[in-house]
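Reading through the structure tokens given below for one structure.
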Amino acid sequence: MKLVIAIVHDDDVQPLLEDLTSKEFRVTKLATTGGFLRAGNTTLLIGVDDERLDQVIEIVKNNCESREQITTSPAPVTGTAGVFVPYPIEVKVGGATIFVVDIEKYIKL
Amino acid sequence: MKLVIAIVHDDDVQPLLEDLTSKEFRVTKLATTGGFLRAGNTTLLIGVDDERLDQVIEIVKNNCESREQITTSPAPVTGTAGVFVPYPIEVKVGGATIFVVDIEKYIKL
Amino acid sequence: MKLVIAIVHDDDVQPLLEDLTSKEFRVTKLATTGGFLRAGNTTLLIGVDDERLDQVIEIVKNNCESREQITTSPAPVTGTAGVFVPYPIEVKVGGATIFVVDIEKYIKL
Ligand code: NI
Ligand code: NI
Ligand code: NI
């Protein structure tokens, strides 16, 4: 049995949790505040049988992998002369860190 | 030395903490928000010598084991004709998940 | 690769995080509420290569080691006759608990 500690972006938590629980994985969500550059992360604890470890990792990948997203440039804060034309910008979203730790004993009461 | 990660129901945390600390175990309580079906859980970290591992597990069992409880049926939300007679219903409370992980190094500063 | 779980006092978190991130360590900060006697603690997760484990421990030591601090006695709450002379008192601050756990797999998405 393994313990998967997954640190994922807050934005990705909801779909990831739905995906995991729909496949009968049991997840505990810890409140996380993130370090300096990691604000907005959530830590999940997932206990998993050895045979299903790859499946968990695959699910986290599908939902959290670092990717680029096209967003619209924000409107200027203070009034600018002329017409503001929003332009598309690329931002990096997602990304996750996964630690897999061996469990010596697992008890469900 | 082992690290015990215990995910217990919020209701059981207070008596469990009292029991553990009265027996000189050192506990750290993490804020937990729970996954879908696990709202209201708390995660505890307990560092323990190998010889006392069984004792910790026993204490968690005593305080958190899944059990049935008789409660009174809630009053109907909107007015019903006639008299409302509350009736006893059985609900499942408690339950816990325990992960035991081996610690390579333990340092107390 | 190792996972370092460090439980440190809230007061020491900010300088510790600055120190760790300035040396390129990646830290996740969990919200902690502490047990009975441990209110005001924060739990940090730090993934680290075996070769840098001693360095992490050294940094935690430098920032969190239990130490004595001179503080001024608090003013009496209700009015006392005469003049209140604050006097220096010694209090213990800091202290930390470090668990080092082996990581079977580490994935950065
Ligand atoms: Ni990120
Ligand atoms: Ni439960
Ligand atoms: Ni302390």
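The values are calculated or read from the model by the stated rules, or taken from the named source; none is laboratory data. Just so it is clear, the structure is predicted and the values come from calculations on it, not from any experiment. Because the Cβ atoms are built from the backbone with ideal geometry, glycine has one as well, and the counts that use them run over all protein chains shown. For accessibility, only protein heavy atoms count, side chains too; no ligands or nucleic acids. Shrake-Rupley method; radii C 1.70, N 1.55, O 1.52, S 1.80 Å.
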*When you go through A:Thr21, A:Thr78 one by one, which is the residue that is β-branched (Val, Ile, Thr), modelled with pLDDT of 80 or more and either away from ligand 3 (no atom under 16 Å from the Cβ) or more than 30 Å from C:Gln14 (Cβ to Cβ) (or both)?*
A:Thr21
*Could you say which residue among A:Glu58, A:Glu104 is under 30 Å from B:Met1 (Cα atoms), open to solvent by 80 Å² or more (accessible area, probe 1.4 Å) and at pLDDT 95 or above?*
A:Glu104
*How many of the residues making up region B:1-14 are more than 8 Å from every other protein chain (Cβ to nearest Cβ), within 16 Å of ligand 2 (Cβ to nearest atom) and at pLDDT 90 or above?*
4
*Considering each residue of region A:15-24, count those that are open to solvent by less than 50 Å² (accessible area, probe 1.4 Å) and either of a type in the set (Ser, Thr, Tyr) or more than 9 Å from every other protein chain (Cβ to nearest Cβ) (or both), and give that number.*
3
